[in-house]
Amino acid sequence: MHRYQILLEYVGTGFYGWQYQKKNITVQGTIQKILTKILKEEIKLHGSGRTDANVHAIEQSAHFDVKNKIVNLKKFLNTLNFFLNKKLISVIKINKKTSNFHARFSAKKRIYKYLIYNRVSSPSINRDRGWHIKKKLNLELIKKASLFLKGTHDLSVFRASNCSALSPVKTIDYLKIKENKNIIEIQIKSKSFLKQQVRSIVGCLKYVGEKKWSISRFKRIVKSKNRNLCAPPAPGAGLYLEKSYLLSLLDLNFLFILHLEPSRTIYPQHFLEPHLQGNCL
């Protein structure tokens, strides 16, 4: 078998998320169908992370296995994009990989960003590419509240009821917030995420920015670990999977040994976390 990695960008509008579903149109299902058609064998695609309905990707990493080697990658890339571009999916790059590479398990860090159009008029060119909020948000309050989320916390309050992660404890490496011409960008980097984590965080920060919640109340709600106290999650249309950082070759070999002989060595929890707990948004 030959393994290939593809880097994707897509507009999530109209898709029922990334993960394949029998009855609904998804990004994974759409690409698998076209790959199967071109390569003339059943193809299973694996992504670095799952995105919910209407969520976009600037750089999603995925891989697939095929029996016969793809001789001309440039030609294959053009053929793939001929079919996918019509569905607002683009394959940016394709790489030949070894069998110990895995799009999900080889992703060391992930960055998501959320866009808010904080102005009176709704966007036309970028319609369905962000959350339109008419009321002026207090950016300084939002920034101050967000500082509390950096580091390792039990984020149960931001966790969807159907989240499959083994633990609600996550480490946020950084949470950056900036504004340019009434567009607020919230960027979050972590090893892995809970389902609806980013959208729930944005929804709660919106309440702070509207002064519905004080910063102290925001902190109390996070500490409560009670999902019922969370603000309504922000719409999927404003969320983007921006980038997945891959493990080094040494780390990949390390994982491969773990896969073959799981009882041989005890590994640090910080290394295993993204692989055992998954990533779902």
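Observations
- Scanning region 90-125 for residues being β-branched (V, I, T), closer than 25 Å to I184 by Cα and touching a helix residue (DSSP H, G or I) at 6+ places or on another chain (Cβ under 7 Å) gives a total of 1.
- Pairs linking a residue in region 125-141 that is exposed (fewer than 13 other Cβ atoms within 10 Å of the Cβ) to a residue that is of a type in the set (V, I, T), with Cβ atoms under 7 Å and 6 or more positions apart or on different chains, are K134/V120.
- Every test in (1) among the basic types (K, R); (2) over 15 Å from A62 (Cα atoms); (3) at pLDDT 95 or above is passed by R127 save one, and that test is (3).
- V91 of a type in the set (A, V, I, L, M, F, W, C) and either assigned to a loop (DSSP other than H, G, I, E, B) or closer than 23 Å to C163 by Cα (or both): no
- Summed over region 175-192, residues that are within 11 Å of the chain's Cα centre (by Cα), assigned to a strand (DSSP E or B) and of a type in the set (D, E, K, R) total 1.
- Screening region 117-160 for residues that are assigned to a loop (DSSP other than H, G, I, E, B) and in contact with a Pro (Cβ under 6 Å, 6 or more places away or on another chain) and picking the one that is nearest to S214 (Cα to Cα) gives L155.
- Screening N78 against (1) surrounded by fewer than 16 Cβ atoms within 10 Å (Cβ to Cβ); (2) in contact (Cβ under 8 Å) with a residue 60 or more places away in the chain; (3) in a helix (DSSP H, G or I) leaves a single unmet condition, (2).
- Test: residue in region 13-23 that is buried (at least 20 other Cβ atoms within 10 Å of the Cβ), on the phi < 0 side of the Ramachandran plot and either among the charged types (D, E, K, R) or assigned to a strand (DSSP E or B) (or both): no
- Residue within region 196-204 that is more than 27 Å from V11 (Cβ to Cβ) and not assigned by TED's automatic domain parsing to the domain that holds A57 present: no
- When restricted to residues that are without any contact (Cβ under 8 Å) to a residue 24 or more places away in the chain and crowded, with 17+ Cβ neighbours inside 10 Å, region 145-190 contains 1.
- Within region 45-59, tally of residues that are touching a residue at least 60 places away in the same chain (Cβ under 8 Å) and assigned to a strand (DSSP E or B): 5
- Residue among K93, K113 that alone is buried (at least 19 other Cβ atoms within 10 Å of the Cβ) and closer than 30 Å to F64 by Cα: K113
- Count - residues of region 44-67 that are farther than 18 Å from S90 by Cβ and either at pLDDT 95 or above or among the aliphatic types (A, V, I, L, M) (or both): 6
- The set of residues in region 94-116 that are of a type outside the set (V, I, T) and in a strand (DSSP E or B) comprises N95, K96, K97, A107, K108, K109, R110, Y112, K113, Y114, L115.
The values are calculated or read from the model by the stated rules, or taken from the named source; none is laboratory data. Predicted model only: the values in this text are computed from it and were never measured. Every residue, glycine among them, receives a Cβ derived from its backbone with ideal geometry; neighbour counts consider all protein chains shown.
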